[in-house]
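Below is one structure, written out as C-alpha cells; the observations come after it.
Each value in this text was obtained by applying a stated rule to the coordinates, not by laboratory testing. Computed from a predicted model, the values in this text were never measured in an experiment. Virtual Cβ from ideal backbone geometry, glycine too; neighbours counted across all protein chains shown.
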Amino acid sequence: MGNKQVEDNKKLKGRLRLNKPYMWLINVLGGVACLFALLHFPSAQVDLRFLLLASLTVIVSSRVSVRIPRANTTITVSDAFIFLTMLLYNPEAAILLAAAEGTCSGLRLSKTPRTVLFNAGAMTCSTFLTTSVLHLILGPQFDLRHQPYSIAIAAICVMGLVQYIANTGLVAVCLSLKSDQPLWPTWSKHYLWSSVTYFAGAAVAGLIASSVGMIGLYAVLLTIPMISILYFTYYKYLEDIRATAAQAEQAERERAEAEHARAEAERERAEQFRYAAFHDALTNLPNRALLTENLKAVIERAKQEADYQFAVLFLDLDRFKNINDSLGHTIGDQLLVTIARRLEHSVRETDTVARLGGDEFAILLNGIKHSEDAIQMTERIQKEISKPFSLSGHEVFTTPSTGIALSVTGYDDPDDILRDADTAMYHAKERGKACYEMFDQSMHARAVNLLRLETDLRRALEREEFFVHYQPIVSLETGTLSGFEALVRWQHPERGFISPAEFVSVAEDTRLIIPLGLWVLRESCRQMCQWQWQSPANSSLILSVNLSGKQLTQPDLVEQIEVILKETHLNPRCLKLEITESVVMENAESAIAMLQGLKALGLQLSIDDFGTGYSSLSYLHRFPVDTLKIDRSFVSQMSMSDENAEIVRTIKTLASNLGMDVVAEGVETLEQLKQLAALQCEYGQGYLFSKPVDAEAATALLAKRPDWNVSAFSPTRESFVPARAVVSHLRSA
Ligand code: C2E
Ligand code: CA
Ligand code: CA
C-alpha cells in the first residue's frame, strides 16, 4: 500500500468518525427545540382543526412522496403543511409537527433509530430556525393578513428559503460525512432540485393563510385538493423530465451502440485492407510484400542466432503458358490455385508459401539444419507438383523448375536472396526444366555478365558495332562456290570480339534480334548485290541469312523483307532464309502460313540445324522448303559412328523424296567431304573450305574462284588456305 493511500484511509476514517457525533448533535438540538416548543406551546389553541391538520400532515403528506430522477432522493409535500401550521397557529405547533412528521417520514426511510431520530432532528432544527427568522421579520404574530403585501411576500420567500437551506443543508452535511464527498457537490446532487417543493409549499401555505385565515375546518380541508393539484402537476412535470431523461439516455445508448458498430466495421475493413495488401487474390497465398516481411524477420534472426538457417525456394512452372493458351485462362487459374494448396500441404506450419505473380511461387523454409533439408523439401515438392491435376474434366500435367538459395551465403536484403533463388531457377530451366539447382556465386557472376551484355547489346546497334562475316557454301558436285551464309559478328569496344553463340540468345530474349536480324539482312543483301554487280559470274550466287524464331512472329515480316529486297535491288531468287528446325516445328501451323508468305516473295527457304529438333514428317512435306541443312553434330561424328553416317544418309534420302536439297554443315575434314560426296549431298559448308570471313576476304575469295573438289585437297592439308588468312586477319583486328 502506498503512503498516500494510507493517508487517505486515515482521513476517511476520521470523517466517518465525525458522522455519528454530528447526527447525535442534531438529535440533541432537535430534542432541545421540541422541549422549548412544548414549554411555550399555547395549549389553548389546540382545537379540532389543529388536530386534523396535524394528522393530515403526519399520515397523508409524508406518504405522498416524489422521487427525483437521477438525484436518488425523494421529497414530500409535508413542508407545505408545516408552513401552514406556522402561519395559521404558532411557531411552537409547527416545531412539534415537524418533529412528528420527521419521525414518520424517517420511519419510512430507515429502521435504524439513529437515522429516524436524525431525520426528525433535522426537520425540527430547520423548522425552529425558520420560525426564528420569521419572528425577526414578522414579530411574534405570523398573521400575514395584517402585513403589507411586500412584507408578506418577503416573509413567504424567506420562510421557504430558510427551511430549504436549513433542512437540506443539515442532511447534506450528514451525507457528505458518510460518503466522504465534499459538501457542495453532495448538496447540489441531492437537493438542488427540491427547492421547488419548498418554495411551492411556502407559496401555497402563504396564499391560504393570507386569504382564508382562520375560517374554519372546511377551509383547511380545502387545502387538500389544492395541494394535491400542485403535487400532481409537479409529479407530472417530474414524470416528463424522467421520460425525457430516459429518452435521452436511450438515444445516448443507441448513439454509443451505433458508434461501436461503426468502429467495429471500420476495424473490419482495415483488416480486410491489410489482408488484400499482403495476399494474392487468386490463391490467397501471401504475396511478395508479406514474403519480404517474413524474410526480413528471418534475416535478422540468422544474424543473431549462430545456428539458425533458412532457405528460399523459387519455383516456376514449366510450359504453363502452353496450358493457359491451349486450355484457357480459367483452367490455368484453377491449376495455380490447386498448386498453391499442394504447396501449402507440402511444407511445415512455420514455412511461408507465397505467389510472386504469374506461375512463380516462392517458399521460405524457416529453420533448417542443413542444406540437405532444403534439397529434400524441394524434391518432395517437385514430386508433389508433378502428379497429374484433374481440372474441369481435363487431366493436366506440369513440372516446376526450382532454384534454391541458402541463408549461409549471408544476406542483408530479402530482394537479394530472392534474386539468387531466381537465378538458380533459371539455371534449372536451362538444364532442361523439371529439376532444381542450388545457387552458387558463379551463377551470380554469370547473371551480372548477362545483364551487362544486355545493356551493351542495346547500344551496339546505334554505335555500329556489328558487322557481317560470310562463310562459303560449296557445291560438292563441282567443288565451286555456290554462295555464302551471312553470320553476324559483334566487335565490343572493350571486350573485343563476342561470339554469336554468346549474344544471339540474349538478343532473342530481349527481342533485340528483330532490328538486328533486319540489319544483317539489309547489310548482306547490299553486299551480295555489290558482288553481283562487280561480276556476272557472281549472279548465280545464293545468299543465306538466318531468321530468328522471334522474327517469325512479327506479323509484318514479309513486308519488311520485301522492302529490303527492293531497297537493295537483290533478286529474291538469290536469297535463302534459314529457319531453325525447332522454331518451325514448335508452331507448325502458323509457321506454314508465314513461310508461304515469304515463299510468295520468290525467295528460298531452308531448315537449319536439321536433325536436332523433333520434325514431324506430316508437317515437313507441307513446309514450302527448298533445303535441309544437316546439323554439324551428325557431320562431325560421321566417320566415328555408323549411326551418324546413317542419319546423314536418311536425311539426304528424305530431302530427295520431298524434292529438297541438303547442305552438310561443319565439314572439317577431307574424310567427311568424301563421305558426303559419296552420299550425293548437294552442298557443304565448313572450316575445310573456309571459316566465315569478312566482306573483304570474301571479295578476294570470289576473285580467286578456288577449286574445292575432293581431288584438289592434298591429304596433308587439313583446311583451305583462306581460312588461315581469316584467323590472322581477326588477330590483327
Ligand atoms: P548456324 O546458323 O548453324 O551457323 C553456323 C555456325 O557454325 C556458325 O557459327 C559457323 O561459324 C559455325 N561453323 C561453320 N562451319 C563450321 C565448322 O566446320 N566447324 C565448326 N565447329 N563450326 C562451324 P557462328 O557464326 O558462331 O554462329 C552461331 C549461330 O549463331 C548460328 O548457327 C546461328 O544460329 C546464329 N547466328 C549467327 N548469325 C546470325 C544472324 O545474323 N541471325 C540469327 N538469327 N542468328 C545468327
Ligand atoms: Ca544458319
Ligand atoms: Ca546450322
- Query: If you find the alpha carbon centre of region 580-617 and of region 91-150, how far apart are they in angstrom?
  - Reply: 124 Å
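Could you pull out the GluC sites (Glu not before Pro) across region 327-368 that fall in loop regions by DSSP (anything but H, G, I, E, B) with no more than 16 other Cβ atoms inside 10 Å?
On the way: sites: Glu344, Glu349, Glu360; in loops: Glu349.
Filter output for region 327-368: Glu349.
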- Query: If you plug each phi of region 469-475 into the Karplus form 6.51 cos²θ - 1.76 cosθ + 1.60 with θ = phi - 60°, what whole-Hz ³J(HN,Hα) values come out, in order, with x for Gly and Pro?
  - Reply: 9, 10, 10, x, 10, 10, 6
- Loop GluC sites (Glu not before Pro), region 453-542 (other Cβ atoms within 10 Å of the site Cβ: 16 or fewer; DSSP): Glu462, Glu464, Glu465, Glu477, Glu494
- All alpha-carbon distances of region 508-597, grouped into 10 Å bins from 0, give the whole-percent distribution 16, 47, 28, 8, 0
- Task: With label points built 7 Å along Cα→Cβ from the Cα atoms of Leu48 and Thr244, find their separation and express it in nm.
- Result: 4.7 nm
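Suppose R0 equals 22 Å; then what is the FRET efficiency for Glu494 and Asp440 from their Cβ-Cβ distance, rounded to the nearest 0.05?
So, using R0 = 22 Å, E works out to roughly 0.25.
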- When only alpha-carbon atoms count, how far does region 241-339 stretch along each of its three principal axes, as whole angstroms with the largest first? 79, 49, 15
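Hand me the trypsin sites (Lys or Arg not before Pro) from region 324-383 located in a DSSP loop with no more than 12 other Cβ atoms within 10 Å, in residue order please. Numbers along the way, then the final one.
Details: sites: Arg341, Arg342, Arg348, Arg355, Lys369, Arg380, Lys383; in loops: Arg348, Lys369.
Qualifying residues, ordered by number: Arg348, Lys369.
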- Query: ³J(HN,Hα) across region 334-344 via Karplus (A = 6.51, B = -1.76, C = 1.60, θ = phi - 60°), whole Hz, x for Gly/Pro?
  - Reply: 4, 5, 4, 5, 5, 4, 4, 5, 4, 5, 4
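Defining a contact as two alpha carbons under 8 Å apart and six or more residues distant in sequence, what relative contact order in percent does the chain show? Mind showing how you got there, number by number?
On the way: 1047 pairs, mean separation 53.3, N = 733.
The value is 7 percent.
Give me the percent of Cα-Cα pairs in the chain that sit more than 32 Å apart, rounded to a whole number.
Tail of P(r) above 32 Å: 72 percent of Cα pairs.
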- Note on the structure: Per the rule of 0.36 nm per residue minus the C-alpha distance, extending Arg573 to Glu477 adds in nm 32.5 nm
- Task: Output ³J(HN,Hα) for region 163-179: one whole-Hz value per residue in order, computed from phi by the Karplus curve 6.51 cos²θ - 1.76 cosθ + 1.60 with θ = phi - 60°, and x for Gly and Pro.
- Result: 4, 4, 5, 5, 5, 5, x, 4, 5, 5, 4, 4, 5, 4, 5, 5, 9
- Message: Which residue, Leu543, Ala698, Ala270, has the largest displacement toward the positive end of the dipole of the chain when charges sit on each Cβ (Lys, Arg +1; Asp, Glu -1)?
- Response: Ala270
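Mind checking the full-extension length gain between Lys236 and Lys303? Use 0.36 nm per residue of separation minus the Cα-Cα distance, one decimal, nm.
On the way: separation 67, 0.36 × 67 = 24.12 nm, distance 7.78 nm.
So the chain would gain 16.3 nm between Lys236 and Lys303.
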- Above-threshold pairs, the threshold being 29 Å between Cα atoms, out of Lys599/Lys629; Lys321/Lys387; Lys111/Lys178: none
- Could you list, bin by bin from short to long, the percent of Cα-Cα pairs of region 375-521 in 5 Å steps? 2, 8, 13, 14, 11, 11, 12, 10, 8, 6, 4, 2, 1, 0
- Message: What distance in nm lies between label points placed 7 Å from Cα along the C-beta direction at Ala501 and Tyr614?
- Response: 2.6 nm
